[in-house]
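Reading through the C-alpha cells given below for one structure.
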Amino acid sequence: MIFGFTLYQIAAYFLIYSFLGWGLEVAYAAVTTGKLVNRGFLNGPVCPIYGFGMLTMLFFLTPLLNNNILLFIGGVIIPSAIELAGGWLLYKIYHTRWWDYTDRPFNLGGYICLEFSLYWGLGAVFMMKLVHPTIAALVGMVPTTAGWIILALLYILYGVDLVVTTITATGLAEELEALERIADGIHDISDVMTDLIGSTALDADQKLDESRLQIKLAQAELRTAGEKLSAKEIRRTSRAARDKADEAIEAARRAGELARLNAMEAAEAARLAAAGTMERATDRAAELLQLEDLRAELEARSEEMQAQMRAQMQHGSFFGAGRLLHAFPRMRHGRRHLSLDALRERLRRKDDDESQS
C-alpha cells in the first residue's frame, strides 16, 4: 500500500487520468480554436502530467474530502506545482517552452498563472468528490489478473510512445536551436556591419577636421606676419625704420612661404589621410560584402529550415514534429523564447492563398 492505495490501483489510475486529461485538453482546444488537435506530449491519447497530478491529489487530498475549502486550496497548489515543475523540467531538457502564460496576469515565469491555478482548484473538487468515486468503482470491478494483463500491454505501448516522442522532441528542439543560432548570427552580423559603416564615416570626418585645422593655422601665421609689418611701418620714419621695414617685409615673405608650405603640408596630409581613409574604406567595403554574403547565406538557411518546419506542420498533424507543433501552439524556444507564431502565420497565409487560387 502506498498512501492507502495498492500498486494496481496506482498503475490503473495513472493511465485512466492521463487519458481523461488528454480528453480535456482536446476538448479545450476544440472549444477555443474550433479544431480537433492531439494536445498531448505523447502521440497516444494520454497526458502524463494529468496522471501525475491526479495521483498526487489522491495521495494528499483524500483525507480532506470532507473540507471543500481545504480541498480547493490543495487543488490549487498541487496541480500548479506539478505544472510548474513539468514546464521547467521540459525547458531544461529541450530548451523549449511547450506552453506559455506570459500574456496572462499573475503568471510565474510563464509556466503557471493564477487563472488556471483557480481552474485546477475547482477541477480538483469536482474530480475528487464526483468523478473519482466512479472511477474507483469501475477499477474495482475488473479482476486483478485481467487488469494487470491489460495494464502491462498499455504500459508497453506507453513506453514505446515515450521513446519515439522523446527522439522526435529532441530533433525538434535541435531544429529550433539551429534557427535561434542563425537568428543570433544574423543579428550579430548586422551589428558588426553597422559598426563598420559608422567607423568609416567617423574616420573621414576626423581627417577632414584635421586638414581644416592645418589650413586655419597657416592662415593665422599669415595674418600675424601682416600685423607685424603694419606696426613697424607706423613706428619707423627714418632710414633705420625703413631698414627695419625691409626686415619685416623679408620676415613677412618668409612667413608667407612658411604659411604656404604649411598649407601644402596640410593639403598633402589631407591627401594622405584621404588615401588612407579610402584604403580603409576599401577594406571595410570588402568586409561588408563578406558579411553581407554571410548574412544572405544565413537568411537563406533560415528560410529553408522554416520551409521544412512549415511542411512538417502542414503534413504532420498526427505524428512526428508536426504534431508537436500543432499540439503546443504557444511553443517557444531558447533564451529569446523564439516563438513559432510568425511561422504559423506564414503557413496560414499560404493556405489562404492556395484556397483562393
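The values are calculated or read from the model by the stated rules, or taken from the named source; none is laboratory data. In this text the structure is predicted, and so the values were computed from the model without any measurement. Please note: Cβ atoms are built from the backbone with ideal geometry, for glycine as well, and neighbour counts cover all protein chains shown. All accessible areas refer to the heavy atoms of the entire protein, side chains included, with ligands and DNA or RNA removed. Shrake-Rupley method; radii C 1.70, N 1.55, O 1.52, S 1.80 Å.
Structure data summary
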| item | result |
| --- | --- |
| Yes/no for L153 being under 33 Å from the mean Cα position of the chain (by Cα), open to solvent by 60 Å² or more (accessible area, probe 1.4 Å) and within 25 Å of T6 (Cα to Cα) | no |
| Enumeration of residues in the stretch 32-49 that are under 19 Å from D100 (Cα atoms) and either surrounded by fewer than 14 Cβ atoms within 10 Å (Cβ to Cβ) or modelled with pLDDT of 95 or more (or both) | T32, T33 |
| Residue selected from the stretch 7-51 under the condition of a type in the set (V, I, T) and either assigned to a helix (DSSP H, G or I) or in contact with a strand residue (DSSP E or B) (Cβ under 8 Å, 6 or more places away or on another chain) (or both), by the criterion nearest to Y111 (Cα to Cα) | I49 |
| Test set (1) open to solvent by less than 50 Å² (accessible area, probe 1.4 Å); (2) under 30 Å from L172 (Cβ atoms); (3) in contact (Cβ under 8 Å) with a residue 24 or more places away in the chain - L24 fails condition number | (1) |
| Selection from the stretch 61-76 of residues that are surrounded by fewer than 16 Cβ atoms within 10 Å (Cβ to Cβ) and within 39 Å of the chain's Cα centre (by Cα) | I73 |
| First in the stretch 172-194 and hydroxyl-bearing (S, T, Y), second anywhere and in a helix (DSSP H, G or I) and surrounded by 17 or more Cβ atoms within 10 Å (Cβ to Cβ), Cβ under 8 Å, 6 or more apart | S190/R295 |
| Any hit, the stretch 72-84, residues being within 21 Å of L162 (Cα to Cα), touching a strand residue (DSSP E or B) at 6+ places or on another chain (Cβ under 7 Å) and not aromatic (F, W, Y) | yes |
| Residues within the stretch 132-167 that are in a helix (DSSP H, G or I) and either touching a Pro at 6+ places or on another chain (Cβ under 9 Å) or without any contact (Cβ under 8 Å) to a residue 12 or more places away in the chain (or both), tallied | 20 |
| Candidate set: the stretch 99-131, residues that are touching a Ser or Thr at 6+ places or on another chain (Cβ under 6 Å) and outside any helix (DSSP H, G or I); chosen: the one most open to solvent (accessible area, probe 1.4 Å) | I112 |
| Verdict on T170 being out of contact with any Phe, Trp or Tyr (no Cβ under 9 Å at 6 or more places or on another chain) and open to solvent by 50 Å² or more (accessible area, probe 1.4 Å) | no |
